[in-house]
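Visitor: Got a structure for you, written out below as structure tokens; questions coming shortly.
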Amino acid sequence: MIPVFIRSTNDDGSWPSGEASDWWLHQSLSSLSTSLQKIGGGLVLRQGPSAAVLHKLIQETGAGAVFWNRRYEPAVRETDSKVRTSLQQAGITTADFNSQLIFEPWEIATKEGRPYQVFTPYWRACLQKGLTSKPIPTPKTIPWPEVWPDSVPLASFQLEPTRDWGTGLKEHWNLGCHGAAERLKEFLRLPVNQYAVDRDQPAVIGTSRLSPHLHFGEISPRTIWHAVHQTLTRSPGDSTGAETYLKEIGWREFAHHLLYHFPQTTDHPLRSEFADFPWEDNEPALRAWQRGMTGYPIVDAGMRELWKTGWMHNRVRMIVASFLVKDLRLHWRHGARWFWNTLVDADLASNTLGWQWSAGCGADAAPYFRVFNPVLQSQKFDPQGEYLARWLPELAALPPKWIHAPWTAPADVLKFAGVALGKTYPRPMVDHGEARDLALAAFQKIKRSV
């Protein structure tokens, strides 16, 4: 067996991988190569169009078969189909497998044979189908070739970012299959029991943070599924936390189900009436949101966490998304593109589902009139302001009573905390109440036009 990774920038269509994903890919490939070397093998790296590179490798090695794990994004599905046809026409055996999902997108359907567009009945159908296949253990030995084909240096892929965030990413992640296994083990020791509550508290380590490991194939959803159920078997009791967590794995499955059946949704709303929504065109506002300088602490803390770590707490993702599409009324695609470039767990299916959910224009979407109040959300889920203080050091000295909305604090409190609104920290760029009214008025316009 010859393990091969091909860097083909033409495979991803209009959604080539972002900078944070590229950084993770570099570290993941390095980790995989090291793991294979420990059992006497290696990893061949090549660059170029997938079919052409594979045909050249086949000529060099005399290989008679090519195997790979399936991908589900629209552009890469098309690429993989062309590669398969090209190889088969050349007399090469091909086979592909499911390693990324528990259920194939075409396996779950309504009684009428249509794809689901609402999560709850979709997940009910998944649970009724059941999970039978267990994860396959890592092989201890592999038959390697006597002569290895040439491999290009990993550095030639130029995956690591040239900007200043590379150092921040390294501080927060333990990558590779080993890192994924350790992260899962740590999560199952205690946090999973409190997951139903702690998952909404950004100051608490209450989530698994396995999403980037899942995206890059460093751990499979089947492995997670069985590990969670084994934990429940060993420690029977309140299963609410574990069941809630597995439902989040289900949302990931649902995202791929939707993207497979509705591939246009990466760029277009599933609910067609939103194609005429009167989005604003405001580059300075978008830039302030991206930099975490909106004047709303919970939004700014989330955006700065994202820039520093390549990740953002899920509750905060919903808050910052709502702020962009409803308080600022900027197109959800702006948010999707920024997340795509800066998240280490940037997954096209989940990213698409999340942003269309927030904008109210997708499947199982939050109603557009549901507008998150960033101050109330902050007070509810970070009552002591610990998360805010962590990512907004300029506000850290403010008491919890005032840190969620600094502009409401008395002048002497601001002065004592060293906060000068408009100088050390911005004033709110919009009035939330007014912005909410404008958003709902815009929504009413498209409702009347339908």
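The values are calculated or read from the model by the stated rules, or taken from the named source; none is laboratory data. The shown structure was predicted, so the numbers you read here are calculated from the model rather than taken from an experiment. Glycine also receives a Cβ, built like all others from the backbone with ideal geometry; neighbour counts cover every protein chain displayed.
Visitor: Return the pairs, sorted by first residue and then second, in which the second residue is among the hydrophobic types (A, V, I, L, M, F, W, C) and assigned to a loop (DSSP other than H, G, I, E, B), the first residue lies in region 139-162 and is surrounded by fewer than 10 Cβ atoms within 10 Å (Cβ to Cβ), the beta carbons are less than 9 Å apart, and the residues are 6+ apart or on different chains.
Guide: From residues that are surrounded by fewer than 10 Cβ atoms within 10 Å (Cβ to Cβ), the pairs are 139/39; 140/39; 141/39; 143/1.
Visitor: Given 28, 35, which one is at pLDDT below 95, in a helix (DSSP H, G or I) and either hydroxyl-bearing (Ser, Thr, Tyr) or out of contact with any His (no Cβ under 8 Å at 6 or more places or on another chain) (or both)?
Guide: Numbers: 28 fails: at pLDDT below 95.
From the options 28, 35, the qualifying one is 35.
Visitor: If only one of 407, 338 is under 22 Å from the mean Cα position of the chain (by Cα), modelled with pLDDT of 95 or more and surrounded by fewer than 21 Cβ atoms within 10 Å (Cβ to Cβ), which one is it? Steps first, please.
Guide: Numbers: 407 fails: under 22 Å from the mean Cα position of the chain (by Cα).
Answer to the check: 338.
Visitor: Looking at 423, 445, can you tell me which residue is surrounded by fewer than 21 Cβ atoms within 10 Å (Cβ to Cβ) and part of a helix (DSSP H, G or I)? Break it down stepwise before answering.
Guide: Numbers: 423 fails: part of a helix (DSSP H, G or I).
The conditions single out 445.
Visitor: Restricting attention to region 141-192, and to residues there that are more than 30 Å from residue 222 (Cβ to Cβ) and among the hydrophobic types (A, V, I, L, M, F, W, C), which single residue is nearest to the chain's Cα centre (by Cα)?
Guide: 165
Visitor: Kindly provide the set of residues from region 289-306 that are at negative phi and touching a residue at least 60 places away in the same chain (Cβ under 8 Å), ordered by number. Walk me through how you get there before you give the answer.
Guide: Going through region 289-306, the residues at negative phi turn out to be 289-291, 293-294, 296-306.
Matches in region 289-306: 293, 294, 296, 297, 298, 299, 300, 301, 302, 304, 305.
Visitor: Can you work out which of the residues in region 426-441 that are in a loop (DSSP other than H, G, I, E, B) and touching a residue at least 24 places away in the same chain (Cβ under 8 Å) is surrounded by the fewest Cβ atoms within 10 Å (Cβ to Cβ)? Walk me through it before giving the result.
Guide: Quick first cut of region 426-441, residues in a loop (DSSP other than H, G, I, E, B) only: 426-431.
Still in the running and touching a residue at least 24 places away in the same chain (Cβ under 8 Å): 426-430.
Details: 426: 18, 427: 11, 428: 19, 429: 19, 430: 17.
Within region 426-441, the match that is surrounded by the fewest Cβ atoms within 10 Å (Cβ to Cβ) is 427.
Visitor: Take region 329-354 and flag every residue that is over 16 Å from residue 76 (Cβ atoms) and assigned to a helix (DSSP H, G or I). Show your work before the answer.
Guide: Pass one, region 329-354, residues over 16 Å from residue 76 (Cβ atoms): 329-339, 341-345, 353-354.
Scanning region 329-354 gives 332, 333, 334, 335, 336, 337, 338, 339, 341, 342, 353, 354.
Visitor: What number of residues within region 355-377 satisfy the criterion of being free of Cβ contacts under 8 Å to residues at least 40 places away in the same chain and either in contact with a strand residue (DSSP E or B) (Cβ under 9 Å, 6 or more places away or on another chain) or part of a helix (DSSP H, G or I) (or both)?
Guide: Count: 3.
Visitor: Continuing with the same structure: Mind listing just one residue for me: the one in region 60-89 that is charged (D, E, K, R) and in a loop (DSSP other than H, G, I, E, B) and, of those, nearest to residue 266 (Cα to Cα)?
Guide: Initially, region 60-89 is screened for residues charged (D, E, K, R), giving 60, 70-71, 73, 77-78, 80, 82, 84.
Filter again for in a loop (DSSP other than H, G, I, E, B), leaving 70-71, 73.
Details: 70: 19, 71: 16, 73: 10 Å.
It comes out as 73.
Visitor: While we're here: Name every residue in region 347-360 that is within 13 Å of residue 273 (Cα to Cα) and surrounded by fewer than 24 Cβ atoms within 10 Å (Cβ to Cβ), in order of residue number.
Guide: Matches in region 347-360: 360 only.
Visitor: Could you tell me which numbered condition residue 57 fails, if it satisfies all but one of (1) assigned to a helix (DSSP H, G or I); (2) in contact with a strand residue (DSSP E or B) (Cβ under 7 Å, 6 or more places away or on another chain); (3) surrounded by fewer than 18 Cβ atoms within 10 Å (Cβ to Cβ)?
Guide: Exception for residue 57: condition (3).
Visitor: Enumerate the pairs (first residue in region 10-23 and of a type in the set (Phe, Trp, Tyr); second residue anywhere and in a helix (DSSP H, G or I)) with beta-carbon separation below 8 Å, excluding pairs fewer than 6 apart on the same chain, so at least 6 apart or on different chains.
Guide: Close Cβ pairs (under 8 Å, with a partner that is in a helix (DSSP H, G or I)) amount to 15/75; 15/266; 15/340; 15/348; 23/166; 23/169.
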